Ligand SMILES: C[S@@+](CC[C@H](N)C(=O)[O-])C[C@H]1O[C@@H](n2cnc3c(N)ncnc32)[C@H](O)[C@@H]1O
């Protein structure tokens, strides 16, 4: 497992923040980020309900909320949602979207590794595509355990984008090739520029999960952080099937063959 470089944590966190701030303007153009069909919305909502139950007014903290996609899904199944992100441009877009949709979701500036929220204050914590980029995931998981009410749940949605299996590697290559030939209809939708892609690679090589965030490793760290029951769910087929309609054939295949998963951890009562 890669370790963040000793003494460079502050600057690495700054780089991550700057990277996502720069990505904010086009983030929602990319399928896989924003939701482009009712089928996908329903697949995600069924997925969250399966693991967290209906919201029924319970308090949810959506960490690394970005433009608020997951926050809106949780709001849609009845949670009282606070989204937290540390990139101001992401927060601005999330607030504008909530206003446009007339939804009462709060979006606050904060660090997912040190939320400053009170002890035992949320029923659920969610995050999508955050854990792979955490500088100190163990500290973050201890923090999430502190902030959750007894019996509360954290739902991590993430993937390993480093260690790809044979099929995922092959489809990634084919997908890149199709993009270069202009054959992929998703080639330019909000995709990062090559400079941004290089920054992404550089950041990825220095975070804790530089060798890829495998579900089992995330689950182990959650247990070490004090969580009671920790369950891995790799069945995201309904979501990937719905997303495929907005991707080129190879891109859809690439996503479906990656190690993408949810980990659900419960704080003891
Ligand atoms: C890939 S985006 C995911 C956004 C959103 N969760 C989604 O799935 O649409 C990653 C987000 O994580 C945020 N982020 C990364 N590390 C963070 C941290 N330590 N604290 C707060 N936000 C963080 C970034 O600013 C960015 O908005």
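The values are calculated or read from the model by the stated rules, or taken from the named source; none is laboratory data. Note that the structure is predicted; figures quoted are calculated from it, not measured. Don't worry about glycine lacking a Cβ; one is built from the backbone with ideal geometry, like all the others, and counts go over all protein chains shown.
Within region 116-135, can you find the residues that are more than 9 Å from the ligand (Cβ to nearest atom) and in a loop (DSSP other than H, G, I, E, B)?
Matches in region 116-135: 116, 117, 118, 119, 120, 121.
Could you figure out which of (1) within 15 Å of the ligand (Cβ to nearest atom); (2) more than 24 Å from residue 142 (Cα to Cα); (3) at pLDDT 95 or above isn't true of residue 113?
Exception for residue 113: condition (2).
If you take just the helices (runs of 4 or more DSSP H) that sit entirely in region 1-105, which of them hold at least 2 residues that are at pLDDT below 95?
Numbers: elements: 9-27, 38-52, 69-76, 88-101.
Fully inside region 1-105 and qualifying: 9-27.
Could you list, in sequence order, the residues of region 52-65 that are farther than 13 Å from residue 76 by Cβ and within 16 Å of the ligand (Cβ to nearest atom)?
The answer is 61, 63, 64, 65.
Kindly provide the set of residues from region 10-29 that are buried (at least 17 other Cβ atoms within 10 Å of the Cβ), more than 8 Å from the ligand (Cβ to nearest atom) and within 19 Å of residue 245 (Cα to Cα), ordered by number.
28 - this is the single residue of region 10-29 that is buried (at least 17 other Cβ atoms within 10 Å of the Cβ), more than 8 Å from the ligand (Cβ to nearest atom) and within 19 Å of residue 245 (Cα to Cα).
Within region 248-268, can one find any residue that is on the phi > 0 side of the Ramachandran plot, modelled with pLDDT of 95 or more and loosely packed, with under 15 Cβ neighbours inside 10 Å?
So far as region 248-268 goes, no, none of its residues is on the phi > 0 side of the Ramachandran plot, modelled with pLDDT of 95 or more and loosely packed, with under 15 Cβ neighbours inside 10 Å.
For region 227-237, check the following and say yes or no: at least one residue is in a helix (DSSP H, G or I) and at pLDDT 90 or above.
Among the residues of region 227-237, at least one is in a helix (DSSP H, G or I) and at pLDDT 90 or above, which makes the answer yes.
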